[in-house]
Amino acid sequence: MSDAPTAAQSCPKPLSPGLYIVATPIGNLGDITLRAIEMLRACDAVACEDTRVTGRLLKHLGISRPLWRYDDHAEPRDRERLVESMRTRAVALVSDAGTPLVSDPGYRLVNAVRAEGLPVTVVPGPCAAIAGLAVSGLPNDRFLFAGFLPVRDKARTDMLAGLAGIEATLVFYETAPRLLKSLAAIAETMPYREVAVARELTKLHEECRRSLPAGLIAWYEAHPPKGEIVLLVGPPEDHGHEEVDADALLREALATLKPSQAAAQVARNTGIDRRELYARAMELQRE
Ligand code: SAM
């Protein structure tokens, strides 16, 4: 009995017209799915961010398809033309790496295709945010993906302060040159939260380091990071309140803030109930 052909070997069946959102590897080419190969082989054209990057992937797979450059900054007329083509053609959408639309182009295109009532099909696969969440071991029952942090210092700190109260693991995309600045902003806004840096996932130098922000700052100051990074901040309750010296934090905060403000700051940084902290702050002030 011969083995059933794999999707990569079989003759491609024609695809019905429409848009196919196809995830591609985030480093290790072995992570491409059988279905992704099948779709890329059978589609009429591939819409991609960078034709050189996608050209290399298709060459590796032994596939030759017309490549159309697309990103969400495309002129509306160009997008309309692309959508029109999907009335008669199957168009695969890929990004340079991972899942299209996740901090990558595609949102406007998918909306435009859906608005025309044309079929949209997803071919799921690698996504750095999900891979980072899995490898970090941080709580994953609730997580919030927040894309890239703003580049400007104040905007970055403001955004982190705004997210600090959310009871979920926070997931960010990060670049190596900005990692230390982001860790410093996390140390300022959430100093007692467990943080993970998941770097170069699925590649040769894959690593995941987990510590409080101050520990990661010390490590990466001594070992400047390279490559691609997912930065994760554990939820407020994850650090274990019993390990936090709330009195010490409150005393420090009370040196410059009113009890209500001190309680709010410590609550934001630790996840401990604000009313509980306020009552304790009043006691400390009376001592
Ligand atoms: N759409 C992609 C996905 O599904 O993961 C993400 C695209 S976004 C433009 C690129 C960012 O994803 C990088 O700056 C980095 O933060 C993260 N990333 C991509 N590949 C990665 C990898 N192998 N290891 C860690 N982070 C990665």
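Please find, within the stretch 74-105, the residue that is least open to solvent (accessible area, probe 1.4 Å) out of those that are assigned to a loop (DSSP other than H, G, I, E, B) and away from the ligand (no atom under 14 Å from the Cβ).
Start the filter on the stretch 74-105 by keeping residues that are assigned to a loop (DSSP other than H, G, I, E, B), which leaves 74-75, 86-89, 94-97, 99-105.
Subsequent filtering for residues that are away from the ligand (no atom under 14 Å from the Cβ) retains 74-75, 86-89.
On the way: Ala74: 25, Glu75: 108, Met86: 1, Arg87: 102, Thr88: 104, Arg89: 102 Å².
Ranking the candidates gives Met86 first.
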>> Regarding the stretch 172-184, can at least one residue be identified that is within 11 Å of the ligand (Cβ to nearest atom), in contact (Cβ under 8 Å) with a residue 60 or more places away in the chain and not hydrophobic (A, V, I, L, M, F, W, C)?
In response: yes
> Looking at the stretch 216-239, which of the residues that are surrounded by 15 or more Cβ atoms within 10 Å (Cβ to Cβ) and among the small types (Gly, Ala, Ser) is farthest from Asp273 (Cα to Cα)?
Replying inline: Gly227
>> Under 9 Å between Cβ atoms, which residue pairs at least 6 apart in sequence (or on different chains) link something in the stretch 45-61 that is part of a helix (DSSP H, G or I) with a partner that is β-branched (Val, Ile, Thr) and surrounded by fewer than 20 Cβ atoms within 10 Å (Cβ to Cβ)?
In response: Leu57/Ile63
> Pairs, please: C-beta under 8 Å, at least 6 apart or cross-chain, first residue among the aromatic types (Phe, Trp, Tyr) and in the stretch 272-287, second open to solvent by less than 100 Å² (accessible area, probe 1.4 Å)?
Replying inline: Tyr278/Pro259; Tyr278/Ser260; Tyr278/Ala263
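The values are calculated or read from the model by the stated rules, or taken from the named source; none is laboratory data. For clarity, every value in this text was computed on a predicted model and none was experimentally measured. Cβ coordinates were reconstructed from backbone atoms using ideal geometry, including for glycine residues, and neighbour counts include every protein chain displayed. Surface areas here come from the heavy atoms of the whole protein model, side chains and all, with no ligands, DNA or RNA. Shrake-Rupley method; radii C 1.70, N 1.55, O 1.52, S 1.80 Å.
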